[in-house]
Structure formats: structure tokens, C-alpha cells
Amino acid sequence: MKSLDAVRTAVVAVGQTEHGRRLDASMAELAREAIDRALDSKGLTLEDIDAVVAGNMEMFEGIYLVDQLFVGALGALGKPLYKLNTGGTVGASTALACYHLVASGRHERVLGVGFQKQSDGSTQAAITTVGDPVWERAVMAGAIGNFASMASTYIAESGVTPEQAAKVAVLARRNACLNPYAHLRMPDITVEEVLESEMLAYPIHRLDMCPSSDGAAAIVMASEDVAGEIADQPAWVHAVATVHDQQYMGDSPKRLAVMRSLRGAAAKAYSIAGIDYPLRQLDVAEVYEPASYALLAMCENLGFCAMGDGGRLIDDGVITMEGQLPVNPSGGVLATNPVGATAMIRVVEAASQVMGLAGEHQIPDVKLALATGYGGNAWTDIIILGRQRPRR
Amino acid sequence: MSDPDPRVPADPREFNREQARRIEQQVTLHYRFAAGKYASRFFAALRDEGKILASRDRQGNVMMPPRPVCGLSGLPMDEWVEVGPGGVLAGCTIVYVPFIDPMTGVQRPVPYGFGLVRLDGADTSIYHLLDETDPQRIGVGKRVEAVFKPVQERTGSLADIRHFRLLD
Amino acid sequence: MARTGKQTWIIGLGEARSAPKRDDLAINELAWEAISPALEDAGVALSQITGAATASQDFWDGRTISSMNVNELVGGTTGSEAKVAADGAQALAYAAARIADDDQHLNLVLAHAKESQGDPHAIEIAAFDPFFERQLDPDETVLAGLQAQQLYATGEFTPQHAAEVLAACRSRSEVLEHITAEQVLASPLSASPLHELDRAPFIDAAAALVVCSDSMRQALKAGGVRVAATSSRTSAYWSQRESLHEAPLAGQAAQEALALAGWSIDDVDYMELNTPYSTQQLIVAKALGLGGGEELVRRLRSDAAINPSGGWLAGAAGGVAGLRSVVRMTRLLRQRPSRALIYSTTGLCLQSHHIVLLESSAEEVSR
């Protein structure tokens, strides 16, 4: 991608809804709320948009061809409309599709939106259908059983403790207090409270898990020819990477401890962006962490510390708002999780940090930010955004 | 025009969540999944012979569940090998949240054990139920063994293995 | 004006043996039946493939993240897969974008659907507005009936015309039995004025391409048919459209693609129009500027360069139809230097329109 053929591309506008249980709005209204906020923030209208990419997991609300039904709300009337549904990654896949459609030279300005209204449907029923119908559904235990089993592997490898995981859960909900869009904002949450919360599946407590939310998030990506006209400080795309793993849930060895796809995607993205020391060179990261333990495992696999040292990152305060590399100043997935929008929120937050739009949870002087999406079967998307236009 | 419900304002900007209406609907989807040539052979061997079969490519990768192509080598998997019934826990948990069993529509009793089992001879693992509910007795690396349902109860499904039993 | 990056070349083709019911194969096995010959055709191994763009629908696959059924078979293991929930023609457009910006160099494009596994009415009803429409128990055929009624009301076309066009498509099918216009009109009404046979039957199908950048094509010493342009446009949801019997945005999508390629519609040697209903052939052909009235019907019925494979009506699955046509047209283009236009659609009542333009050179044909 660092080639003369790729058009340099930037995020020029971002928008998101207040997330949570949004009984006041339909799913289409949520999507439009995020789109309008993104467009209005830079004085854009739908006239300026060449194509739209929509991300949503349609089994959650039971609407087939949801992009076609909501075409008006999505601002895609008369335009190319791409619909992606790639699981937890979908919001990031949507952002990456926007990038490719601009960087390829095909379009100048592309709108991407991720949206979900989990209170409309049955989250458990939808997640059950993630399992292979022939091989996996007969013995499934839902997302929580799956994450708990993965956490056990990670604990066996790294020796991370329930207290360290609980600290992650606390940090997320406290950070969320500085983010007006976040769902779970808990200023007074303590490690003890997490450890005493209901045990869902050993060792995962209720407060170790992400919530189910309603919400939407949107971006506009633009080519270098027009990005500067739209935003004084665009968030330039320095690297994107998508990497998968094998097909079934039990395929990847030590799946949460050694996250093959995350490591592969990070290696590719760092190489493109010229990052040798992510802990030093990145200024902020928005990591897609569905459970407390996962964040530490992901930080290890992203190279923020040595493998097995995830617990130290939280004990030593490395990833707090004031730390060397703040991770999820927005509160992350542990605070807010409208599935189809969740990974798009990571991209919106990373872009906001670069553009200086993050408000109370703004990290000072962000030059380089990383966002990830994770889902499907160990499927990873990474995007690295920066203040400077990338060099050829 | 008279207002149908005076509590819901005509101006949408004055609308708030207390006035929000929800509409109940059931979306029911029914499927007949073709199991295909790999699963058909696998489930026949499981039901009739109590054997667990995996697929192997010519580099020696052994994949469970069996499948047409090995993702690691990209090679077709045209050999069958028997794996298990013993294995090692690669991941495990005790689940306390109620879960509707997708095959039966019935809530599975809690708590129950759930684990990722690396069957002896296989390079990948499968999820299955464990016959243990004490979190202190399970653990990554512990040995387990498949416990089959009696022949007459088997239907040709992964549930023909009732659960995995901890050996140590 | 958008710049065009690196071009995309098609170097391998494959199709599963499609049929109304392939219950001998699981979804991944059906997909492999298309992928395997595509790899062989291109002369590359799966391990060389760095990524893929796939098209499938969660509702038809009965699975959230339906691409998880196939990601291992398309080079997804430690590679990179992208999935669209639309026609495979759009997956090809996505793959082309990733090749143009140098993210990918050698990719699979796959579309798969096993329509025999789901319950069509239950799935189709889920595509309707949950607040205002589902209570009416609608499905796609009801809308196609409304659309046909509007079309015939203009006086330009008759049920006989639609039936004749359908019979012509079916006469090129190797999957479905050949039928006459009289048989179509004699079949029971499904949603008047449509007859049961006016709809394409449900099919289990998969189609695959191996695509690559120009530099990769040269490195592999492969021939190849070039993707000259892709384009798409989305219309309003059906109930927001006054005239269901017109598809002006299909014409716009085609015009944009032709402009990008620097062609006019007269430069096109082969054309495939993929629509699930016979009447929609007339609507799309008119929108693409192929004429009107009796003259258009005569052309659709007898011009061997239009729908040479019969398109969707000759036996394809929703979401696979467009990519199947890309496979079929690429085969034709390999025989002589020529150009093809492929139309396909997603959504209710011709809502989204996808166009792919293909071109072969003398160099390719001489191989």
C-alpha cells in the first residue's frame, strides 16, 4: 500500500451517537444520527459523498438486507452502497473498505457507518448462529463460555490474575466517565466490585464483560486532493491490515494467548507505517476488547509489552490516560458495545484523538493512533492514523 | 386531524423515551443444513462405531473437524485418521449463565463445564461439554476422555459424545 | 474525477455444479467445488493466494458472519478476507479496489449460496419493513407482481413478451429444463400478472475467480481478461419508489462504467442481464438503452450476444448470479478479443444495480 498507485487517504469527519439503551430512536434513526453528526461537523452534505459503506450484523435485529431497507437513512440513494457483515470486526472492516475505495482512486469521498440496536433483538440467539451449524452449535456455550475458555488459556500462559483483569474493567468504566457517548459510565467502580460481581463463566465476572448497546458511528474518508479542504487536521491513514485465522473456533492453538491474526495484522501494519517500537511510537490505541482479560492479551500481541507481561501493563499504569501509551481513553468495548458500530467507534475515537476532537478524554499531542477490530473467528482489522500525511 | 395519543407530541423534537413504543415480533427461521461428505462420514463413524475421525493432508496436518482443505497448507485433505478418544484441555470454564441450547431450544441446566479439547493425534481442538462443575478441578493441560452415549441413543451429532470426563 | 489505480485481471475461473438442490455437499464443500478449478485454471496453489473478497448472505446461510463458512478455502488463514453481503459482482469490485491500492496482489473472489437450505418466504419477509409491512405477509414475488402490473399497464410489453424472453434464457440453461413461452403462461399465477415460471428457481451455486494485479499477472506469465470497470447504484426502497417498472439507476450505473472504460454501449460484444424475474429483463434492458417494445423483445429473444449463458433465469442463485456471469463471459472473451457487460442486482424489485465490464486482448486470445 505504500506505493505510488495508492491515493493517500484521510479520515476527515467523524460522528457517533450517545450509546446505550436507546429506546427513543429506531435503528435507522440511530444510523442517521451518527451520519448527520459526521457530515455536519465539517459542513458536508450527502451531495459531497460518492459512495457509502454500511456495517451491521443483521441477525441481531432480524432484518435481512438491512442496507436496502435503510438506504435513505444511510444516505446512499443513487450511490454505490456496500454492505459488510463481518462480525465484531464489521465496523473496522467498514472503515477499511472506505479506505480501499478512496485509496484505489475509485472514489473521492466515501461515507462509512456502523450501526446496531441490540435492544431490538436477541443477542444470544444471534451469537448462537455464529457457530458452525454442523460442527459447533450442538455444544455451544455462547460468547461468554467461549471467552471464558479463551481466558483460561491466557491465564495458563501468562499468569495474569483476576485482580489484574478487574483493574482493566475498572479503568474502562472510569475512562468512560470522560466520554459523553459511552454506555457504562461508573465513576465509583472498584476492583472488589468487579470481583464480587456475578460469576458468568469461570473466571469471567459480569463486570469483566462488555455490555450490549444500541448505537452508531460514522466516518468520512477523503482523498489527498480534497482532504485538506474538508478538515484543517485530517487523520491520515498510515496503514491498514486485515488478517484471518482458520475456520473453526478450536483451530487456533492457544487462541487468546497467541493471537495469530492480531500478531500478523500488527506486523503488517507496523511495517507499512514504519513502526518499530509501538509502545514508544504510538500515542494512543483504541483496542477492540470484548472482555477484560482480552485487553491484556491483545496488548501483548500488539507488541506493547513482552508476551506474558500483560498484567504488568495494568499494574504499572502504562495504559492509563496518563500512562506511556493510553489504551481506550474512550472506555473501549467494555463500556460500549453496539456490535455493528463497536469497531467503527474504535476508528472514530482514534481519528478524534489525531484530529484533537476527543474532548475531555483527549490525549495531548497525538501524532499516531492505532485502532483494531476483532471478531468472526479470530479475525483482525487494524488501522493506523496519523497527523502527518504519510511519506511515499 | 385529532391526535391519536395526546402523550406523543406532534413535534418529533419533543419526543422522549417515555413515549417510545416497541413492537413485538418473532422472526423464525428454519434450515435444513446439508452436512456434506466430510461430516456425513464423520457422524456415521461416531454413531455406529464410536470413532472420532479427523482429516489429514499429505504434509501430515490433522484437522478436527475434518474438512476439504487444510487452511495452513492449502492442500486438500483426502485421508482419514482416527483421533482421541483421549485428549488434553486447551481451554476450559464452568458456565453459570443460562443458555438456550440451539439444538433443542431448551435451557441447559447450570452450572456446566465447557472446554476446548485437543484430541490425541489432532492438530486442532473442538469445544465440548465437561462432566465437572468445580472450577478448581479443571485446568489447561489436564487430560480428558470422550464419554459416548449408548449406541441406541446416538443420532449422528456431536452430542453423541455426551461430554468429556476429566482423567486426573 | 477519480483516478484509476492498478488494473485487475481475471486469470482463473471456476463454478460449482449448480442445481436446485446440492444436498450432497456442505456449504464449504460446494464453495470448494468452484474454488478448486479456478485455482487450477490460474495455475496457482491456494497457499499463494493472499486474500479474498467473498459474497454471501447471513440469512441464506443461516449463520451470522456467513463468510466463516468459507474463509479457510479462500486463503483466509493468516491471509485477508473481505466480505460483502450483495452480489458477487460487488465482491469483484471490492477485490479490484484492494488490488488498485496495492493492498492485495493475488486474490480469490467467491460467491456462494445454498438456497435449498433456507425457507425463502421466511427469509424474504425479513427484508421488509418490520413496522409497516411484515404484518401483510409479503414476499419478493408479491412485489414482482406489482412491478409486472405497472410494466404491462404501460402497454409497451405483454406477459407473452416476458415469457418469450424467459424461454430464450432457459433454452441456454444446462441446469434447468427448457420451457416454452406457452408453458410459462400456462403455469399457475403466483402474483398476477406473474406466473410461477416467471421466477428463477432457487438454486445451490458457487462461482469463483482468481484475480490479480498486472505485475502479478506478468510474474505468473498468465493471460487474463481485464476488469475494465465496475459501477453500482442503489435505488430507493421499493415502497418509496413510484415507478417500480423503471430502473433509471441501472442505466446510470452502466453509463458510469462505460465512461470509466471509455466505451459506448455499442462497443459491447456480449451482455448478460441477471434478474430473478422475467419481467425485469425488459425493465433492465430498456434502462440500459437497448431499445423498447417489440423490437427489444425480438432482440432479447434472438440475439445470441445477449444472455449467452441465460443469466440468473437459466439457473443461478441470488448473490451468485453476477459472478457466475463474469465466469461465463470471461470464458467467451478468451475465445476472441471482445468486450462484455454484466448486470446484476441485489434487493427487492431491482433495488441495487451492479455493472462489470470485461475486456480481452488479442494477446490473451492467442494463448
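Just need the relative contact order of the range B:1-129 here, percent rounded to a whole number, with Cα pairs under 8 Å and 6+ apart.
Details: 179 pairs, mean separation 22.3, N = 129.
Here the relative contact order equals 17 percent.
State, to one decimal in nm, how far the label point of B:Asp101 lies from the label point of A:Asp188, with both points 7 Å from Cα in the Cβ direction.
About 4.3 nm separates the two model spin labels.
Full extension from C:Ala19 to C:Glu294: what is 0.36 nm times the residue separation minus their Cα-Cα distance, to one decimal in nm?
On the way: separation 275, 0.36 × 275 = 99.00 nm, distance 3.29 nm.
That pair, C:Ala19 and C:Glu294, stretches by 95.7 nm at full extension.
Report, in degrees rounded to the nearest 10, the 0 to 90 angle that the Cα long axis of helix C:88-100 makes with the longest principal axis of chain C.
Orientation of helix C:88-100: about 30 degrees from the principal axis.
Tilt of helix C:159-170 relative to the longest C-alpha principal axis of chain C, in degrees (0 to 90, nearest 10)?
It works out to around 30 degrees.
I'd like the Karplus ³J(HN,Hα) series for the range A:41-58: coefficients 6.51, -1.76, 1.60, θ = phi - 60°, whole numbers in Hz, and an x wherever there's a Gly or Pro.
Residue by residue, the range A:41-58 yields 4, 10, x, 8, 10, 4, 4, 7, 9, 8, 7, 10, 10, 10, x, 6, 9, 6 Hz.
Say a paramagnetic label sat at a point 7 Å from the Cα of C:Glu242, along Cα to Cβ; which residues of the range C:134-158 have their backbone N under 17 Å from it?
Under cut-off, by backbone N: C:147, C:150-151, C:153-154.
With Cβ to Cβ distances under 9 Å as the rule, what net charge do the other residues near A:His100 carry (K, R +1; D, E -1)?
Values: positive: A:Arg106, C:Arg98; negative: C:Asp101, C:Asp103.
Summing Lys/Arg as +1 and Asp/Glu as -1 gives 0.
What does the charge count near A:Pro364 come to, summing +1 for each Lys or Arg and -1 for each Asp or Glu among other residues with Cβ under 15 Å from its Cβ?
Working: positive: A:Lys367, A:Arg387; negative: A:Asp283, A:Glu322, A:Glu360, A:Asp365.
Local charge sum for A:Pro364: -2.
So what are the ³J(HN,Hα) numbers for the range A:70-85, from phi and the Karplus equation (6.51, -1.76, 1.60; θ = phi - 60°), rounded to whole Hz, Gly and Pro as x?
9, 3, x, 4, 7, x, 9, 4, x, 10, x, 10, 9, 10, 10, 9
If R0 is 56 Å, what FRET efficiency do you get for C:Ala45 and A:Arg280 from their C-beta distance, rounded to 0.05?
Values: r = 40 Å, r/R0 = 0.71.
Step by step, r from the Cβ atoms, then E = 0.90.
Output the relative contact order of the range A:1-143, whole-number percent, from Cα pairs under 8 angstrom with separation of 6+ residues.
Working: 194 pairs, mean separation 42.2, N = 143.
Rounded, it is 29 percent for the range A:1-143.
Suppose R0 equals 41 Å; then what is the FRET efficiency for B:Asp48 and C:Glu196 from their Cβ-Cβ distance, rounded to the nearest 0.05? Walk me through the intermediate numbers first.
On the way: r = 42 Å, r/R0 = 1.03.
About 0.45, to the nearest 0.05.
Could you grab the relative contact order for chain C? Cα pairs under 8 Å, six or more apart, rounded to a whole percent. Walk me through the intermediate numbers first.
On the way: 832 pairs, mean separation 86.7, N = 367.
That works out to 24 percent.
Loop-only GluC sites (Glu not before Pro) in the range A:315-389, please: DSSP not H, G, I, E or B, and at most 12 other Cβ atoms within 10 Å. Working shown, then result.
Working: sites: A:Glu322, A:Glu349, A:Glu360; in loops: A:Glu322.
In loop regions of the range A:315-389 (DSSP not H, G, I, E or B), the sparsely surrounded GluC sites (Glu not before Pro) are A:Glu322.
Calculate the spin-label point distance for A:Glu198 paired with A:Glu360, positioning each point 7 Å from the Cα along the beta-carbon direction, and give it in nanometres.
Each label point is offset 7 Å from its Cα along the Cβ direction, giving 2.9 nm.
Which angle between 0 and 90 degrees, to the nearest 10, do you get for helix B:36-49 versus the longest principal axis of chain B when only C-alpha atoms count?
The angle comes out at about 60 degrees.
Tell me, what is the FRET efficiency for C:Asp214 and A:Met307 to the nearest 0.05, using R0 = 51 angstrom and their Cβ-Cβ distance as r? Intermediate values should be presented prior to the final figure.
Numbers: r = 40 Å, r/R0 = 0.79.
With a Förster radius of 51 Å, E is 0.80.
Which net charge results for the neighbourhood of C:Met216, defined as the other residues with beta-carbon distances under 14 angstrom from its beta-carbon, given Lys and Arg at +1 and Asp and Glu at -1? Walk me through the numbers on the way to the answer.
Details: positive: C:Lys6, C:Arg98, C:Arg217, C:Lys221, C:Arg226; negative: A:Asp5, C:Asp102, C:Asp103, C:Asp214.
Within the 14 Å Cβ shell, the charges total +1.
If I compute solvent accessible area with a 1.4 Å probe over the protein chains, what percent of it on the range A:295-392 is carbon and sulfur? Before the final figure, lay out each step's value.
Values: 1230 of 2630 Å².
Ligands and nucleic acids excluded, carbon and sulfur reach 47 percent.
Explain nothing, just compute: Karplus ³J(HN,Hα) = 6.51 cos²θ - 1.76 cosθ + 1.60, θ = phi - 60°, for every residue of the range C:51-61 in order, whole Hz, x for Gly and Pro.
x, 7, 10, 10, 10, 6, 10, 4, 5, 6, 6
Using label points projected 7 Å from each Cα along Cα→Cβ, tell me how many nm separate A:Arg389 and C:Ser361, to one decimal.
3.3
Excluding same-chain residues fewer than 8 positions from A:Lys367, which aspartates and glutamates have a Cα within less than 20 Å of its Cα?
Cross-link targets: A:Glu224, A:Asp232, A:Asp276, A:Asp283, A:Glu286, A:Glu322, A:Glu349.
So with the 1.4 Å probe, I'd like the accessible area per residue for chain B, rounded to whole Å². Could the numbers behind the result be given before it?
Values: 8880 Å² over 168 residues.
That works out to 53 Å² per residue.
The values are calculated or read from the model by the stated rules, or taken from the named source; none is laboratory data. All values derive from a computational prediction rather than experimental measurement. Backbone-built Cβ (ideal geometry, glycine too); neighbour counts: all protein chains shown. Heads up: the accessible areas ignore ligands, DNA and RNA and are worked out on the full protein's heavy atoms, side chains in. Shrake-Rupley method; radii C 1.70, N 1.55, O 1.52, S 1.80 Å.
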